[in-house]
Amino acid sequence: MRENAGDAALLSVCLQHVQEAFPEADVVIAGMEDAAVHPSFEGVRNIGSIRRYVADGTVSLPRRLLRKALLGLAGTAAVVLPRPFTRAVVAVLPTEARREARAVATADLVVSMGGGYVLARPGLDGYQNVFFVLLPALFAQKAGVPVVWAPQSFGPFPAAAQRRLVGRVMRRSAAVLPREDVSVGELLACDIPAQQIERAVDAGFAFDPERRIDWRAKIGVGPGERLVGITARRWLAPAAQERYERELARTIDAVQATGARAVLIPQVSTDYLGDDDRICERRIAAHCTSGPLMVDEVVDYRDLKGLYDECSLLIGTRFHSVIFSLTSEVPCVAIEYEHKTRGIMADLGLGEWVLPIADVTHDRLWALVEPLLKDPAPYRAILDANLPGYVARARSLPARLRESV
């Protein structure tokens, strides 16, 4: 969690909003970090989760499959059977799964933090993902506990059975807050009444930590030098991924030819499922003819925000790197890999500065980047007009939480 700066920021803001709404509440996190390794986050106790338990990359694949099969059967039984039987099933769950099941069933409110994890893909993997994402909410709803889905993305859900399950859970929830219009459409396709869907804003726009690092001194950039940030990620099939990385390298060379300094920034630095941006960014740097600056270390998510603040421009694949930059009025060209990118950029009037990741070429990217290097004023005027209201909406969740209990 904390090695994905976007997810960590969303959790940080979610905790702030819950604590603002309910100052006396006893808050616990059912998170994706091992509670034995990370027993807390920002001082709030972490109990682990069903999702973490069934996806635990530290155990063998056969063991993970066995966990998923057993928890799938037990979870289905617990949700379908009458409540006395549900308690009996929960009592025999593995320790970590039992902790979350009991926590959500005895809570006064369950809040699903923002992100992009309520989705499915074709095939069995898609079914199991959406089931385990929704299972804690099913446990909570079985016990009569209200569930709020904090601002996040929903979908895609390619199968009718997936849409039925999502619809069942969301219709019984106290609040469903999609963060962009595409997600609204996905929810409507799950037969959720339009009046129950409340269009919201990504909580990352409310993330505003204190600055603790002098980044220009740390990476060796003078106060008058323009700094252009770049975030990249592994996403495409190997041949397409290599093309994307080489085209980004060509654009970095063009940026540095203008006299600006380019810096590759790892928004995610975890080896979970090979999702470490530093690996991809090292390859990009190797393709450059003039070596860019690199942040090749694990950086605290709060400190990473300060680096984006120093940039004059960001070319961002990781979308929360774009959000971190926009809130500092840094113009961004966003490379889209999921629908959240285009949806949120369009909300802000910035849709023309989005390029799908599969369509990245130097020529297309440079056509968006070069004008911003020459004159960012028109872009900043759009931000000045649209960003303050957007940030205010991102900070409005505490009031909505209080209405939900």
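Which percent, to the nearest 5, of DSSP beta bridges fully inside the chain are antiparallel? Mind showing how you got there, number by number?
Working: 4 of 30 bridges.
Expressed as a percentage, antiparallel bridges in the chain total about 15.
What 222 nm value per residue comes from the helices of the chain, counting each DSSP H run with n ≥ 4 as -39,500 (n - 2.57) and dividing by all residues, nearest 500 deg cm²/dmol?
Mean residue ellipticity, 222 nm, calculated: -15500 deg cm²/dmol.
Below 8 Å between Cα atoms, with a sequence gap of 6+, how large is the relative contact order for region 212-334 in percent?
Numbers: 194 pairs, mean separation 38.3, N = 123.
Relative contact order comes out at 31 percent.
What does the net charge come to around residue 194 if you take all other residues with beta carbon closer than 15 Å to its beta carbon, with K and R at +1 and D and E at -1?
On the way: positive: 171, 199; negative: 181, 186, 191, 198.
Around residue 194, the surrounding residues sum to -2.
Please report the antiparallel percentage of the DSSP beta bridges confined to region 74-214, to the nearest 5. Don't skip to the answer; put the middle values down first.
Details: 0 of 8 bridges.
The answer is about 0 percent antiparallel.
Compute the signed sum of charges (Lys and Arg +1, Asp and Glu -1) over the other residues within less than 10 Å, Cβ to Cβ, of residue 143. Don't jump to the answer; show the numbers that get you there.
Numbers: positive: 83, 87, 102, 142; negative: none.
Net local charge, residue 143 excluded: +4.
Would you pull out the residues with amide H under 5 Å of residue 329's amide H, same chain only if 5 or more places away, H placed 1.01 Å from N?
Result for residue 329 returns nothing.
Does a label point 7 Å from the Cα of residue 189, set along Cα-to-beta-carbon, have any residues of region 104-130 with amide nitrogen under 11 Å, and which are they?
Output list for this probe position: 120.
For residue 119, what is the net charge nearby, where nearby means another residue's Cβ is under 14 Å from its Cβ and Lys, Arg count +1, Asp, Glu -1? Don't skip to the end; give the middle numbers.
Working: positive: 51, 121, 163, 179, 340; negative: 125, 180, 186, 338.
So the surrounding residues net to +1.
Note down the relative contact order for the chain as a percent, whole number, built from C-alpha pairs under 8 angstrom at least six residues apart. Working shown, then result.
Values: 681 pairs, mean separation 65.5, N = 405.
Relative contact order here is 16 percent.
Place the peptides 61-69, 299-307, 102-110, 386-394 in order of packing, highest mean first, counting for every residue the other Cβ atoms within 10 Å and averaging per peptide. Please report the intermediate quantities before stating the final value.
On the way: 61-69: 12.9, 299-307: 21.0, 102-110: 18.4, 386-394: 15.8.
Per-residue Cβ counts within 10 Å, averaged per peptide and sorted highest first, yield 299-307, 102-110, 386-394, 61-69.
In debye, nearest 20, what is the charge dipole magnitude of region 1-156 about its Cα centre with +1 on Lys and Arg Cβ and -1 on Asp and Glu Cβ, if you could check?
Values: 15 positive and 13 negative charges, 154 e Å.
In debye, rounded to 20, region 1-156 gives about 740.
Separation of region 373-393 and region 32-107 by C-alpha centroid, Å?
So the separation of the two Cα centres works out to 43 Å.
Got a sec to turn the phi values of region 50-57 into Karplus ³J(HN,Hα) couplings, 6.51 cos²θ - 1.76 cosθ + 1.60 with θ = phi - 60°, whole Hz, x for Gly and Pro?
4, 4, 5, 4, 7, 10, 4, x
For region 81-87, just list the computed ³J(HN,Hα) in residue order, Karplus coefficients 6.51, -1.76 and 1.60, θ = phi - 60°, integers in Hz, with x standing in for Gly and Pro.
Listing the rounded values in order: 6, x, 4, x, 6, 4, 4 Hz.
With an 8 Å cut-off on Cα pairs and a minimum separation of 6 or more residues, tell me the relative contact order of region 265-334 in percent. It would help to have the intermediate numbers written out before the result.
Numbers: 69 pairs, mean separation 16.6, N = 70.
Dividing the mean separation by the residue count of region 265-334 yields 24 percent.
On average, how much accessible surface per residue is there in the chain, in Å², for a 1.4 Å probe, leaving out ligands, DNA and RNA? Write down the numbers at each step before the final one.
On the way: 17050 Å² over 405 residues.
Value for the chain: 42 Å² per residue.
Please list, ordered by chain and number, the residues whose modelled amide H lies under 5 Å from the amide H of residue 35; skip anything fewer than 5 residues away on the same chain.
48
How large is ³J(HN,Hα) for each residue in region 330-347, as worked out from phi by the Karplus curve 6.51 cos²θ - 1.76 cosθ + 1.60 (θ = phi - 60°), to whole Hz, x for Gly and Pro?
For region 330-347, the Karplus-derived couplings read 9, x, 9, 9, 9, 9, 8, 10, 9, 5, 4, 4, 5, x, 6, 4, 5, 3 Hz, x marking Gly and Pro.
If the convex hull of the alpha-carbon atoms of the chain is projected onto planes in all directions, what is the mean projected area in square nanometres?
Numbers: hull surface 78.0 nm².
The orientation-averaged projected area of the Cα hull of the chain comes to 19.5 nm².
Quick one: dipole size for the chain, taken about the Cα centre, charges +1 on Lys/Arg Cβ and -1 on Asp/Glu Cβ, in debye to the nearest 20. Before the final figure, lay out each step's value.
Working: 48 positive and 49 negative charges, 305 e Å.
The calculated dipole for the chain is roughly 1460 debye.
Can you list residues whose amide H is under 5 Å from residue 294's amide H, if they're 5+ apart or on another chain and H is modeled 1.01 Å from N?
264
Give me the percent of the accessible area of the chain that comes from carbon and sulfur atoms, probe 1.4 Å, all protein chains in place. Can you show the working numbers first?
Numbers: 9170 of 17050 Å².
Carbon plus sulfur share of accessible area: 54 percent.
When ranked by the protection proxy of mean other Cβ atoms within 10 Å per residue, highest first, what sequence do the peptides 315-325, 243-253 form?
On the way: 315-325: 27.7, 243-253: 21.1.
Listed from highest to lowest mean packing, they are 315-325, 243-253.
The values are calculated or read from the model by the stated rules, or taken from the named source; none is laboratory data. From a predicted model like this one, the values you see are computed outputs, not experimental measurements. With ideal geometry, Cβ positions are generated from the backbone for all residues, glycine too; neighbour counts draw on all protein chains shown. The protein model used for the area step is the full one, side chains on, heavy atoms only, and it has no ligands, DNA or RNA in it. Shrake-Rupley method; radii C 1.70, N 1.55, O 1.52, S 1.80 Å.
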